[in-house]
Amino acid sequence: MKKKYVFIHPTALAHYRAQAFIVRCFDDRFRGVFEKFLTAKKIQHADVESVAGGAKIFASPERKSDREFMMRELKKSIRLHHTRRVMLFTHYDCGAYGGMQRFGNDRDKEFTYHVKGHRIGHEVIAEYFPEIKKIRTFFVNEKGIIETTGA
């Protein structure tokens, strides 16, 4: 079969070392700030997973198998790309959490809930992957990104 390209752009095929394994929500409202954040942190090579709720998949997955799947993905990232850092993101008004309605439109209540979930996600990963020493958690809203690690 003849190959007919619909888009042409060179791609580097050299293997890389992932600077981070990143889990974020697929909500496109926050993609711009997420990408600018990675650029500001000089993260050029990352294994990025985008799933509804982002870090929720570790803290409170809809199904146990969802968390197991993401743990397998992280394990592959460690094995294939020598990943040594994990970055977990959630965001304001996330539908996977029930949106702001779940929190009675109380931003502080929502933020506190996410921080608790971040702690759980951090603990789950740290327990399963003790070799990962850098696990960072973040909450994204319309103003920017708040680090919640250790909060």
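Every read-out reported here was derived from the displayed coordinates using simple, explicitly stated rules and does not represent laboratory data. Bear in mind the structure is a predicted one, so any value in this text is a computation, not a measurement. Cβ atoms come from the backbone with ideal geometry, glycine included; neighbour counts cover every protein chain shown.
In the range 110-130, the qualifying residues are those that are in contact with a helix residue (DSSP H, G or I) (Cβ under 8 Å, 6 or more places away or on another chain) and among the hydroxyl-bearing types (Ser, Thr, Tyr), and the one that is farthest from ILE146 (Cα to Cα) is TYR128.
A count restricted to the range 93-105 and to residues that are hydrophobic (A, V, I, L, M, F, W, C) and free of Cβ contacts under 8 Å to residues at least 12 places away in the same chain stands at 2.
Every residue in the range 18-36 that is under 13 Å from the mean Cα position of the chain (by Cα) and closer than 21 Å to SER77 by Cα, please. Break it down stepwise before answering.
Step one: filter the range 18-36 for residues under 13 Å from the mean Cα position of the chain (by Cα), giving 20-27, 30-31, 34-35.
Selection gives ALA20, PHE21, ILE22, VAL23, ARG24, CYS25, PHE26, PHE34, GLU35.
Take the residues in the range 106-130 that are closer than 23 Å to ASP66 by Cβ and charged (D, E, K, R), then tell me which one is surrounded by the most Cβ atoms within 10 Å (Cβ to Cβ). So, considering only residues that are closer than 23 Å to ASP66 by Cβ and charged (D, E, K, R), the one surrounded by the most Cβ atoms within 10 Å (Cβ to Cβ) is GLU110. Looking across the range 106-142, the residues that are in contact (Cβ under 8 Å) with a residue 40 or more places away in the chain, closer than 16 Å to PHE21 by Cβ and in a loop (DSSP other than H, G, I, E, B) come down to PHE129, GLU131, ILE132, LYS133.
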